[in-house]
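Comments concern the structure below.
The values are calculated or read from the model by the stated rules, or taken from the named source; none is laboratory data. Predicted model only: the values in this text are computed from it and were never measured. Every residue, glycine among them, receives a Cβ derived from its backbone with ideal geometry; neighbour counts consider all protein chains shown. Each accessible area value is taken on the protein alone, full model and side chains, heavy atoms only, with ligands, DNA and RNA left out. Shrake-Rupley method; radii C 1.70, N 1.55, O 1.52, S 1.80 Å.
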Amino acid sequence: MLSRQTKAADEAQREVGNVAIRDYATGLLNRPGIAETIQERLDRRESIALINMDLDNFKKINDLYGHLAGDEMLRAVAERLVQVTPVGAACARLGGDEFAILLCGEAAGREKVFAIAEGIQDALGEPVKVGGGITKIRASIGIYAQVEDGSSVADMFRRSDIAMYEAKKAGGSQICLFENTMEAVVQQRYQMETEIREGIPKGEFVPFYQPQYGI
């Protein structure tokens, strides 16, 4: 009797742990779940790469068909990611319409990751039934490969995110590899914004009216 109770308690504990690291809508890992997996790989000093993916047309689906249809699309994306990523990859939904794929070993090489990202784009491009209609899924993809020694989980997320936003700036439905110069530009912009915010209350900026002629 006690043995059965202990086994039931262990199973319940495992279920609680599984819920804590899984996304309710897709069954993929959630942000804490993928972060834990990334940390484990970093601790083992494995070769890894992180793909950050954001859907380009998700809001339109929610607006046209409602949130239940949006959940249908998220599940369709999750299924296709699992189908086209190599064995050993960890797929996650980070929240909203943002996904991440952690690749390890040979799959983490720069050229190999790019090829996998292209395969993801092709898979997402296949028509999908959502909300009683048929649509195609478009996504912007950022890649952080050739991970630098000493990189943290936060570094992995930030750098793949920077690359993903570069893909969006290029018009969406693009794939972009992270380069160190991208992070430098972001840091410079943040520093400038900080200095402006601090300078305005100190009177360091003086506004001038520039009239426009010939209108």
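Data for the structure
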item: Local electrostatic count, Gly105, Cβ distance below 13 Å [Lys/Arg +1, Asp/Glu -1]; result: +2
item: Cross-link table Lys59/Lys168; Lys112/Lys169; Lys60/Lys168, entries beyond 19 Å C-alpha to C-alpha; result: Lys112/Lys169
item: Counted charge near Cys176, where neighbours are those whose Cβ lies closer than 12 Å (Asp, Glu -1; Lys, Arg +1); result: -1
item: The range 36-140, accessible area per residue, ligands and nucleic acids excluded (1.4 Å, Å²); result: 49 Å²
item: Heavy atoms of Glu126: accessible area, 1.4 Å probe, square angstrom to 10; result: 110 Å²
item: Local net charge near Gly33, Cβ-Cβ under 9 Å (Lys/Arg +1, Asp/Glu -1); result: 0
item: Charge-dipole axis of the range 126-174 as Lys and Arg at +1 and Asp and Glu at -1 on Cβ define it, positive-most pick from Ala167, Met156, Gly132; result: Gly132
item: For Val130, residues with placed amide H under 5 Å, excluding near neighbours; result: Thr135
